[in-house]
Amino acid sequence: MNRIATTLSIAAAFAAGCGITHLLRPALAAESITAQVIHTGELEGDALAPPNAGGLRSKMFVSADGATVSVQDGNVPKHLHPIANEMQYILEGTGTIWLGDKEVRVKPGDLVIIPHGTPHGGTKPDSRPFKAIAIKTPPQTPDDVKMLN
């Protein structure tokens, strides 16, 4: 009898959890984002933002559902994010980046996957600095960057 009661309790708890998740999911995903087309080829100079101390210009376009989407233009020193995972889609520029403990060649059209805690950056562009779409999840907080030598 106790096994049946335990099994029924576990099944009821599982069903309740699934039901609540199903009912609340629209509310969780209801963060406001704006429908838009971003002409990344036109994003240069002040259209992104003033450069930071290292010369990187960046502009965030979406922050919702646990992720941010931004366009970054410029080179960054080698660093890592202890918390945020990052994906970069290279739009412009060819050259070498640090990814983990290796230098890797990248070109437009490459998708770079950077798990949290992975050293990256330190670009060596062949010509122009890199321009990339950067997706970070969870969103990077100001203290989620550790500069490396």
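What follows is calculated from the coordinates using simple rules that are stated; it is not laboratory data. Just so you know, these numbers come straight off a predicted model, no measurement behind them. In this analysis, Cβ positions are derived from the backbone assuming ideal geometry, glycine residues included, and neighbour counts consider all displayed protein chains.
Observations
- Sum of side-chain charges, Arg105 neighbourhood, beta-carbon under 11 Å (Lys, Arg +1; Asp, Glu -1): 0
- Local charge for Lys131 was computed over the other residues whose Cβ lies under 14 Å away, with Lys and Arg +1 and Asp and Glu -1, and equals -2.
- Loop-located trypsin sites (Lys or Arg not before Pro) in segment 59-148 whose Cβ has at most 15 other Cβ within 10 Å (DSSP): Lys78
- Extension gain, Thr34 back to Lys102 (0.36 nm per residue minus Cα-Cα distance, nm): 20.7 nm
- In terms of the mean number of neighbouring beta-carbon atoms within 10 Å, the peptides 64-76, 35-47 order highest first as 64-76, 35-47.
- At R0 = 25 Å, FRET efficiency that the Cβ-Cβ distance of Lys78 and Ala47 yields, to 0.05: 0.40
- Qualifying lysines (Cα of each under 19 Å from Cα of Lys146; at least 8 residues distant if same chain): Lys78, Lys102, Lys136
- Largest-first ellipsoid semi-axes for segment 78-145, taking √(5λ) over the Cα gyration tensor eigenvalues, angstrom: 20, 13, 10
- Within the shell defined by Cβ-Cβ distances under 11 Å, the residues around Ile114 carry a net charge of 0, with Lys and Arg each +1 and Asp and Glu each -1.
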